[in-house]
Amino acid sequence: MDFRPLLLAGSALALAPMAQAQTALPPVAPAPVQQFGRVSFDQRSLMIDGRRVPIWAAEFHPYRLPSPDLWRDVLQKLKASGFNTVTFYFDWSYHSPKQGELDFAGIRDMERAITMAGEEGLYVITRVGPYVNAELARGGFPGWLNNQKARARTDDPDYLKAADEWLAAIDAIVARHQINGAHGPVILHQIENELSQTSPVHRRYMDHLYAVTRSHGITVPIFHNDQGRNGQWVPDGSPVSGVVHGPVDMYAFDGYPGGTCTADGKVSRGNGAPDWGYYGTGGARGGATASPATPGFLAEIGGGWFDYWGSNGIYACNAQQTGAGYGRLFYGTNLANGISLQSIYMGYGGTSWGWLPAPVVFTSYDYGAAIAEDRSLREKALALKPIGGTLAALPELAAMVPAQKLVPSSDAIRLYHNRSPETDTRFILATHQAGHWTDDTSFTFAADLPDGHYRFPPIRLNGYDAKWIVAGADLAGQRLVYTTSQIQTAQAKLLLLIGRKDEAGRIVLRYGSRPVVKAPAGVGVTWDAARGDLVLDYTHGPLATVEISGGGRSAVTLLLGDDAAGAACWQADGVLACGPALLRHAVKKGGTLALTGDTLAPSPLRVWTQAARVTWNGAPVAMRAAAGKALEAVAPLAGPAPIDLPVLQNWRMAEGTPEALPAFDDHTWQRIDHRADASQSQKPAGQPTLTMDPYGFHEGDVWYRARFKGDANAQRLSLTYGAGGAGMVQVFLDGRLIGQQDLPAAMPRPITTGNLTLAMPDMARAAGDHVLSVMVRNNGHNWDLTAMDEHKEGRGLIAASLEPLAGPAFAVSLDWRIQGRSGGEDFADRTRGTPNNGGQFGERMGWHLPGFDDRQWCATGPALPQGAAGTNWYRTNVKLNVPKGQDATLALAFGDTAKPRSAAQYKVLIFVNGWNMGQFIAHVGPQRIFPIPEGILNHRGANTIALAVTSDGNPANAPETVRLITLQNRRGGVDVAQVAAPATLPVSN
Ligand code: IPT
C-alpha cells in the first residue's frame, strides 16, 4: 500500500488558492506509521492489519441498561445503523462498593458487554477513567473515595493506590479482549477524561496511568479525551508548540457544536460545523490538527445532550437539533477535515437508574440519541445508516487530503473537496456557507475528477444539511465517475443510492462499450459514447430498480430511493433486505437464508439473495422472484399484536417515617463524632462531622436524629446541608414536621447545597427530652470536571446548630446519630449493587423488595391516598402478559404526562421488583415517564411495584395516578432472561 505522506507537493499546490481565504496549511512532514500490534496509524487514519479503517463509533453505557440481554439489542441496532465501533465508558463506582472490593458479576459483567460487541461485529473503544465524568455521581468515582484526603486525579500515592485497584481489574478484562493476541474487538483504549489540569502532579499522574495500563497488558494505542480541541495531552514528541504534551499514543478531543436546546425545548442554532482539521485556521494549535503525527480523532462528537431537573424536557429537541441534517453536515465536515475517527456521544443513552445520576441530570439519560431510551430507533438513526454505508463502501474516505478548490455557482454554498492519495477517489461535501444555514439553494459546479472534467447537474441543498458526493471510485464491480446521491450500501453486484425525497439525482458510470440498461420509466438513461459514460438521471422517491449488464463489466443492480426508502433497507452479514423495521442478522445455511429482525407493522420483505428458501425469525416465508434479482415475500410479514396492560390497582400503603417519632429506637445507629473527613465543605469550628460519607453512606437518603433537653435557648435551628440537584431536607421535632426545603433546580450549574433556618416551636423550649429528626435526600455527589475535588462537596448535613436568636454562642447541645443504607459499604444487596439503595426506613426494612409481605398494610384499592408528612410507601403487584416474540418497552407514567410538572409537591422513589428505577419529582419535572427494561420488569409474569413518596403530608401534595404504558412494541427482539435478584434481604432499622 502506498503510504504517501500528507500534503505532498500535489495537494499542497492544490491548496494554494485557499491561502487568502483561510490560513494556509503549513506543510506537514510525513509521519511514520506507528504500530501497536494489529493496530497502527499514521497522520491520516487508523489501520487494522495494515488496512485503513474509518472509525465510525457510537457510545453506549451498559450500566445504564441493567438488563444484560438487552445490551445485544442495542449493539445490534448500532451495527444495523451503520456503525463499525462501539465506545464504552466504565463506571468505577458501579463495581466498587468498598475499597478493596470490585464486582463484575451479573449486570456488572463488562466482559460480557465487550464480548457481545465483538460477536455483533463491532470494534470496541474502551474508556476506563479512573475518572469519566459521564453525568455520573462523582463522575464515576466510588463513594468511598470521598473519604480520601488525597486530591483525586493527581499523583498522590493514596489516590494512585485506589485508582490502581480499579485499573488492574478493568484493564485485565479489556486486555483479554484486545484485537492483539486475543483477536477480540478492542482496538483503542482511553485513560482519564478531559483532564484540564496540566501541572506537574497531573503530568506525573498521566505518566503513571500510561505505565500501569501498559503493565496491565493493554497493547493497543492509548489516548486521552481533551475537553475541546485545546491541545491538552498531545503525544510527547509532537512538534507543535503551545500544546500540552503527555504520555499518550494518539491525541483525541471532544466537541458538542451546533447549538443547544433551550429549557423550553426550542433549538437555538449556533454557527455551522467547525473546521477542526485541514480547513481550520489552526491558530496557536498548529496546522491541520493539534497533533500532526496522529489522525484526527473526536472521542466524543455531540449526538444529543443531557437534560436536567426543572427543564421542560428537551430530549425530543436534542434529537431534532442533532437530527438527520445535522449528522450529514457535522459528521461530514469532520470527515472532510481529516477527522477519520469519530464517536457519537451518545448512540444509546439509556437510564441513570437508582443513584447513578450526577446532580446535573435526572433519571432519563435518553440524550436525544439515535436510539431512544426505550430502544426504538429515531429517524436520525436511519439517516446515520448511509454515513456508515458510505464509509464502509470506500474506506479510503478515512485517509483523504484536501484537493483542488471547487467553486460553486452559488455564494451560499461551500464545497469541500478531498482526495485519496492512494486511489485518487474524491469526496466532495456540499454545505451552506455561514449565515446561510436555512437557505434553500440550487447550485452547480465543475471539477477535474479522476475520470475527466465534469460539470455537475443542479444540486439542491435545503437548510441545515450537507451532500456527500463521491467521484472516481471502483465500486460494486463498476467504475463510478460520480454520483450526486449518497451511497448507502455497496455490495459486489448491488448499489443502493439515496437522496432527499423529490430531489434530482444522477449517477455516471464508465464502460468500455454501451451496456444494456433495464430501467423503469422516470429514470433517464443517456449514453455518452465519446467518454464511455452511462448517465442515469432520476428523482429520489420509492425504491427504483435499475439493472445494468454488459459494457465490459460484471452485471449490477442499482437501487435508487429517497431517505424513507433507504431507511427501510438494511444490510446484515452482507445481505441487503428492505421492508421491515430492522434486520439483525442474515445467516446462510444450506439453501436457506435465515433472517432475524423486527416489524412495527405488517411489512413487505425484499431480499437480494441466491438462497432458495428464506425464514424470518425462524418461520418460513413464501417468496417469489422480484426485479433486480431479488426475492420478495408473497404476503407481508406480521406486525406486533397490541399489548393489553392492566390498570394498577389493589395498592397497599404504609407510613414510612418512624424515625421522626421520639420513641423510635436508634441505638443501633452510628454516633456522630468528630472523625476526620475529606469533605470540601468546611464545617464551623467545634462542630462534629455530620456529612454522610465518613460514616460509609454515599448514596441516597440519610437520616439524622439528635436528642436535646428542652432549653430557653432552643429558638432557632440553622442547618447547612448538601443534597445534590433538586435534593431536599425534612426536619421533624418530636414527630412533627417543622420544616422542609427543596434545593431549587438551576442550570447550567445546579444548586447542590442549601441553608435552612427554622424558628423553633415552643415545644423545643419545654422541659424534658426532645428529638430532632432530619432526613436529607442526596441526589448525587458532584462530578469532578475541573479536577478540583468537586465530588467531595459534603452530602447530608454539613452543619447544624440549635441556638438562641442572639447567635450560636449559647447553642444547645445536640447528641446526634446517623443512619443511611443498611450495612453502609457492607450492604447486603450485592446483586442490584451500589446504585440501588439509600437509607429510607422502607429500604432498610426491604419494603421495596418483591418478597416483602405487605398483607398487614392498609389496602387502598386503585387510589394512592395522601399519608402523613414524611415518606409513605405504596405497593402493588401486577401480572403482565406481553405476547411472546414481541419486544416492548413498558413504562410507569405519573400524573398528566402532557405537563412537565405538577402543582402537587412530592418526590417518588420508584422500585420495580426491588430495583430502584429512578426518581419522579412532581413539582420539578420534567420526567414523568419512566421506562423499565424487560428483565427488570417481568413481561410474562408477576411484578411488584413499590413507591416511596415523600411530601409534607398536605392533601394538595398527594401522589397522582400511576399507570403502565407501552412506549414501543415490535415483533422480533432478542431473548431476554429475567435478571435474577433476591426477593428478600436481611433488615436493620
Ligand atoms: C464531556 C465528557 O467527556 C463526558 O463524560 C460527558 O460528560 C459529556 O461531555 C457530556 O454529556 S464533558 C463536557 C463539558 C464537554
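The values are calculated or read from the model by the stated rules, or taken from the named source; none is laboratory data. Quantities reported herein were computed from a predicted structural model and do not represent experimental measurements. As a convention, Cβ positions derive from the backbone with ideal geometry for all residues, glycine included, and neighbour counts pool all protein chains shown. Note: areas computed on protein heavy atoms with side chains; ligands, DNA, RNA excluded. Shrake-Rupley method; radii C 1.70, N 1.55, O 1.52, S 1.80 Å.
Of interest is the spacing of the C-alpha centroids, which for the stretch 533-577 and the stretch 885-950 amounts to 45 Å. Since only 687, 669, 728 are under comparison, the one whose Cα sits farthest along the positive direction of the charge dipole of the stretch 620-742, derived from C-beta charges on Lys, Arg, Asp and Glu, is 728. Selection among 921, 572, 296 by position relative to the dipole of the chain gives 572 as farthest towards the positive end (Cβ unit charges, Cα centre). Taking the protein heavy atoms of the chain in the context of the full set of protein chains, the accessible area attributed to carbon and sulfur is 54 percent at 1.4 Å. Lacking any other cysteine beta-carbon closer than 4.7 Å, the following Cys residues of the chain have no compatible partner: 858.
Keeping all protein chains in place, calculate the accessible area per residue for the stretch 401-580 (probe 1.4 angstrom), answer in Å².
Details: 6280 Å² over 180 residues.
Using a 1.4 Å probe on heavy atoms only, each residue of the stretch 401-580 averages 35 Å².
Estimated from helical segments only, the mean residue ellipticity of the chain at 222 nm is -3000 deg cm²/dmol, where each DSSP H run of four or more residues counts as -39500 (n - 2.57). Label zone (residue 610, point 7 Å along Cα-to-C-beta; backbone nitrogen cut-off 15 Å) within the stretch 486-503: 492-494.
Taking label positions 7 Å along the Cα-Cβ direction at both residue 709 and residue 207, the computed distance is 6.1 nm, reported to one decimal. Dipole size of the chain about its Cα centre, with +1 on Lys/Arg Cβ and -1 on Asp/Glu Cβ: approximately 2100 debye, rounded to the nearest 20.
Provide the net charge surrounding residue 92, with neighbours chosen by a C-beta distance below 13 Å and charges set as Lys +1, Arg +1, Asp -1, Glu -1. Residues close to residue 92 contribute a combined charge of -3. Taking 0.36 nm per residue of separation and subtracting the Cα-Cα distance, full extension of the segment from residue 462 to residue 492 would add 7.5 nm.
What translational D, rounded to a whole number of µm²/s, comes out for the stretch 32-377 from Stokes-Einstein when the hydrodynamic radius is the Kirkwood one over Cα pairs, at 4 °C and 1.567 mPa s? Stokes-Einstein gives a translational diffusion coefficient of 64 µm²/s. At full extension, residue 952 and residue 649 could sit 106.6 nm farther apart than now, given 0.36 nm per residue minus the alpha carbon distance. Where in the stretch 54-73 is the amide nitrogen less than 16 Å from a point lying 7 Å along the Cα-to-Cβ axis of residue 975? Once the point is set 7 Å along Cα→Cβ of residue 975, 68-73 turn out to lie under 16 Å by backbone N, inside the stretch 54-73. Per residue, the stretch 676-820 exposes 34 Å² of accessible surface when a 1.4 Å probe is rolled over the protein heavy atoms with every protein chain present.
On a per residue basis, the stretch 32-377 carries 24 Å² of accessible surface, using protein heavy atoms and a 1.4 Å probe.
Between residue 119 and residue 809, full extension at 0.36 nm per residue minus the direct alpha carbon distance yields a gain of 241.6 nm.
The residue 422 and residue 881 beta-carbon pair, evaluated with R₀ = 51 Å, returns a calculated FRET efficiency of approximately 0.30. Spin-label pair residue 663-residue 588: with each label point 7 Å from Cα along the Cα-Cβ axis, the two points sit 7.9 nm from one another. Between the beta carbons of residue 898 and residue 759, assuming R0 = 45 Å, the FRET efficiency works out to 0.70 to the nearest 0.05. Using the Cβ-Cβ distance between residue 183 and residue 549 with R0 = 41 Å, the FRET efficiency computed as 1/(1 + (r/R0)^6) comes to roughly 0.55. Packing-based ranking of 400-411, 68-79, 932-943, 675-686 yields 68-79, 932-943, 400-411, 675-686, ordered from highest to lowest mean Cβ neighbour count within 10 Å. The modelled label-to-label distance for the pair residue 624/residue 963, using points 7 Å beyond Cα in the direction of Cβ, is 4.4 nm.
Using all pairs of distinct alpha-carbon atoms, the Kirkwood hydrodynamic radius of the chain works out to 30.1 angstrom. In the stretch 95-196, a dipole from Cβ-located charges (positive for Lys and Arg, negative for Asp and Glu) runs towards its positive end, and of 121, 195, 178 it is 195 whose Cα lies farthest in that direction. Measuring between alpha carbons in the structure, the pairs from 884/907; 385/518; 79/589 lying more than 24 angstrom apart are 884/907; 385/518. Here the stretch 676-820 is treated with +1 on each Lys and Arg Cβ and -1 on each Asp and Glu Cβ, and its dipole about the Cα centre works out to around 280 debye. When you count the other C-beta atoms within 10 angstrom of each residue and take the mean per peptide, 424-435, 481-492 line up highest first as 481-492, 424-435.
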